[in-house]
Amino acid sequence: MRFGRAIIGLVAVAAVAGGAWFYFSPGKGAATGGNNPAAMRAGGPAGGRAAPPSPVYVATAQEKLFGDRVEAIGTLSANESVVVTSKAQGIVRLLNFTDGQSVAKGDEIAIIDPGEQDAKLDAELANLEEQKRTLERTSGLARSNNTSQAKLDEQLSAVKKAEANVAAARARVRDYRIWAPFTGVLGTRKVSPGALVTPGTVITTLDDVSVVKLDFAIPETFLAALKLGLDIEASSAAYPGEIFKGQVTAVESRVDPTTRSVSIRAVIPNLDKHLRPGMLMVVELIKDRRNSLMIPEQALQPQGTQQFVYVVGADNSATKTEITIGRRRPGSVEVLKGLSAGDRIVTEGAGDLRPGVLVEVLAPKGAPSERPPG
């Protein structure tokens with residue numbers, strides 16, 4: 001019995017020793033972290049080596065000027081615009097411009113042969129000189145009491161009538177010469193030298209496009225926010241990617257009862273002459289302008305009704321942060337709470353992140369790698 005018990009004891013000791021050897025053998029025991037959670041955090045099951053940082057792209061939360069936007073469609077018109085026509089009948093003697101030429105106020109555009117109007121003006125001028133000489137003689141006679149006061153008054157009236165006739169003749173002659181009423185750009189010629197024109201015949205057009213007017217309409221629900229001086233941004237299919245900025249200068253006094261909209265007029269500087277009257281513009285009316293913290297919309301990680309982002313710290317660790325968002329604009333979103341200006345936000349690569357993991361910040365194409373601040 002004693003011998004049997006001794007045998008059993010030896011077997012038990014051998015079993016314990018074998019188990020200890022197996023537990024502490026290379027790749028199996030707790031020292032290498034086989035199933036030890038602490039070892040897993042330190043380096044995972046791969047022999048204690050740390051997992052590589054997750055590659056991500058980041059953007060910086062920035063304060064930008066932001067406002068609520070109302071989009072509409074508008075049409076451009078010139079600041080000043082006229083159709084240049086003839087006021088008199090005659091033969092075109094001279095067209096003093098080329099198609100599309102810029103002219104200043106007072107520049108002569110065209111001359112129509114005045115025909116007999118020049119002769120009539122000369123006759124009226126000669127009559128005026130004769131009436132003035134007669135007035136001088138009559139005045140001399142009146143001073144010597146050799147003529148009556150009535151005769152002198154009659155001659156004074158004759159001089160005034162002659163002066164009026166000269167003024168009328170000169171006005172008729174001026175009707176045969178056409179000047180630019182304001183500085184602008186002429187259109188194409190509608191007639192040629194030698195053509196017979198009559199009153200109303202179109203010769204060309206003249207537009208002042210140094211500033212253009214943009215007319216559009218918005219729903220009456222935005223009426224309370226409208227005021228003179230509101231900023232607008234407009235774009236045109238003719239110039240992709242280019243933004244034209246202007247300001248509201250007038251708000252229609254009535255709301256259209258059919259469309260329930262109100263007409264708005266804005267002005268846009270146009271010194272480079274890119275914009276032309278008649279162009280269709282997509283316009284955004286900007287109201288309630290304010291400085292807001294903005295981040296790329298793609299950084300958002302929605303969970304139910306909550307919004308989260310991953311913030312990259314100075315040690316390149318990612319922290320999942322809840323934020324409160326406000327208004328949106330294409331590609332960007334306003335942050336009301338949860339972030340500060342300068343925070344680095346993960347924009348790409350957040351799908352595989354977990355709070356506290358290290359990340360590798362990738363640089364945008366063509367830019368140097370971004371380093372953590374400090």
Testing the spin-label approximation: label points 7 Å from Cα along Cα→Cβ at residue 98 and residue 235. State their distance in nm.
3.7 nm
Extension length gain for residue 306 and residue 267 (0.36 nm per residue less Cα distance), in nm, is 9.9 nm
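How big is D for segment 227-374, in µm² s⁻¹ as a whole number, if Stokes-Einstein is applied with the Kirkwood radius of its Cα pairs at 37 °C and 0.692 mPa s?
Once the numbers are plugged in, D ends up at 171 µm²/s.
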Cα-based Rg of segment 104-168 per 2.2 N^0.38 Å, rounded to two decimals?
1.62
Sequence neighbours fewer than 8 away in the same chain don't count; with that in mind, list the lysines whose C-alpha is under 21 Å from residue 337.
64, 320
Report the equivalent ellipsoid semi-axes for segment 219-282 in whole Å, largest first, defined as the square roots of five times the eigenvalues of the gyration tensor built from alpha carbon atoms.
25, 13, 10
Around residue 282: net Lys/Arg minus Asp/Glu count, Cβ-Cβ under 11 Å
-3
In which sequence would 92, 282, 346, 103 go, from the one with the fewest C-beta neighbours within 10 Å to the one with the most?
282, 103, 92, 346
As a footprinting exposure proxy, order 71, 233 by other Cβ within 10 Å, with the fewest listed first.
71, 233
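All of the numbers you see were taken from the coordinates with simple rules; none came from a lab. What you are looking at is a predicted structure, and each value in this text was computed from that prediction instead of being measured. Note that we place each Cβ from the backbone using ideal geometry, even for glycine, and neighbour counts take in every protein chain shown.
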